[in-house]
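Encoded as structure tokens, the structure appears first; notes follow it.
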Amino acid sequence: MLVPQSDLTDNHQPMEVVAQPEAANTVENQPVEDPPSSRFTWRIENFSRLNAKKHYSEVFVVGGYKWRILLFPKGNNVDHLSMYLDVADSASLPYGWNTQHQFNARESDWGFTSFMPLGELYDPCRGYLVNDTLIVEAEVVVRRIVDYWTYDSKKETGYVGLKNQGATCYMNSLLQTLYHIPYFRKAVYHMPTTENDMPSGSIPLALQSLFYKLQYSDSSVATKELTKSFGWDTHDSFMQHDVQELNRVLCEKLEDKMKGTVVEGTIQQLFEGHHMNYIECINVDYKSTRKESFYDLQLDVKGCHDVYASFDKYVEVERLEGDNKYHAEQYGLQDAKKGVLFIDFPPVLQLQLKRFEYDFMRDTMVKINDRYEFPLQLDLDRDGGKYLSPDADRRVRNLYTLH
């Protein structure tokens with residue numbers, strides 16, 4: 001944490017990070033007494049004149065592990081001071097060593113990209129910078145906790161879960177969601193494989209193997225065979241991929257593998273819906289429509305307080321007028337309205353929230369952290385079916401349970 005220099009007293013409580021090393025040689029259900037801890041103070045002089053993009057503090061040792069602070073004085077692609085706790089000897093960490101963030105050779109730091117607005121940092125009234133000197137404090141407490149290692153997930157919940165390969169939480173969420181669609185899981189099991197197929201070279205076989213282990217294994221399941229079948233090397237596992245793109249690639253591969261088998265068409269039956277793009281003239285009797293299919297819907301988050309607001313925006317009518325008039329065949333340029341309405345929704349409706357957008361000023365993608373609400377049940381027949389086209393079958397109930 002940053003310390004206003006007027007507050008530097010022995011009673012000041014800096015940020016605490018709790019680590020959980022491998023639980024060897026510990027008493028069952030009891031943490032080791034008097035966990036090692038240390039407070040480290042880093043005094044940075046001539047702060048405003050630092051030129052390098054990032055700076056490391058000197059190394060300090062807590063609990064037998066080497067730590068240091070990583071600082072981005074001008075921000076890590078944001079208008080904030082960026083600050084992280086970094087494991088200096090991450091490459092030599094034993095298996096299973098982790099905190100709330102799992103430190104490893106490729107993910108060796110944890111902290112805050114937007115720690116403090118630069119405007120606040122340089123505000124002389126706040127006292128963080130005095131004589132162009134900044135003081136940073138970190139407190140690290142290392143505890144050995146055995147409960148995590150003795151917890152029996154299968155016994156307690158009936159499920160075992162997936163191991164995180166690195167930055168694969170988004171993939172694990174997708175795989176768990178697909179696994180818990182019984183019709184999808186059964187279709188995956190029915191895909192034909194041959195004796196020559198290897199899971200690391202076949203997405204369908206790797207997914208079959210993964211689902212089988214999730215169903216029958218007594219411990220958490222690794223995803224390495226599946227990621228290898230994607231053509232990912234180890235480095236790719238530590239990169240944040242786009243979950244929508246992964247979902248589309250996965251379903252495309254499975255759809256192709258299911259052709260000519262008893263489960264052909266499963267992906268379409270589960271996930272395919274249809275909407276109608278229309279342009280309707282205001283002053284003359286002319287309307288153009290085009291039917292399109294979709295496997296997932298991208299919903300705007302920015303400016304929308306919940307899922308229904310996102311759907312309202314999705315079907316929002318655009319006016320084509322002035323310089324943007326519509327050319328309507330025999331009628332020439334006409335004022336018109338343009339929009340989208342849904343013909344039918346699939347049994348499993350996949351919604352992708354657009355949490356990232358391109359910032360032209362910064363020339364980078366930025367995450368939208370606005371509050372966004374979603375109900376446990378989504379009723380797309382609300383308000384008289386305002387999302388539905390005139391061609392939609394109104395006898396079908398479009399009520400979804402969050403999954």
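The values are calculated or read from the model by the stated rules, or taken from the named source; none is laboratory data. What you see is a predicted model, and the numbers here were worked out from it, not measured in a lab. These accessible areas exclude ligands, DNA and RNA; they are computed on the full protein's heavy atoms, side chains included. Shrake-Rupley method; radii C 1.70, N 1.55, O 1.52, S 1.80 Å.
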Per residue accessible area of the stretch 153-268, 1.4 Å probe, in Å²: 54 Å²
Nearby lysines by direct alpha-carbon distance to LYS53 (threshold 25 angstrom, same-chain neighbours under 8 apart not counted): LYS66, LYS74, LYS367
Centroid-to-centroid separation of the stretch 293-358 and the stretch 247-276 [C-alpha atoms, Å]: 24 Å
Over the stretch 273-401, relative contact order from alpha-carbon pairs under 8 Å, at least 6 apart, %: 28 percent
Portion, in percent, of the accessible area of the stretch 186-325 that falls on carbon or sulfur, probe 1.4 Å: 44 percent
Exposure of GLU321 as accessible area (Å², to 10), given a probe of 1.4 Å and all protein chains: 90 Å²
Percent of alpha-carbon pairs separated by more than 18 Å within the stretch 153-268: 50 percent
Accessible area per residue in Å² at 1.4 Å probe, computed on the stretch 273-401: 63 Å²
Sorted largest first, extent of the stretch 273-401 alpha carbons per principal axis (Å): 48, 47, 24
Length gained when the stretch GLU264-ARG43 is fully extended (0.36 nm per residue, less Cα-Cα span): 73.0 nm
Long pairs among LYS186/LYS253; LYS291/LYS386; LYS54/LYS354; LYS259/LYS354; LYS213/LYS257, criterion Cα-Cα beyond 24 Å: LYS54/LYS354; LYS259/LYS354
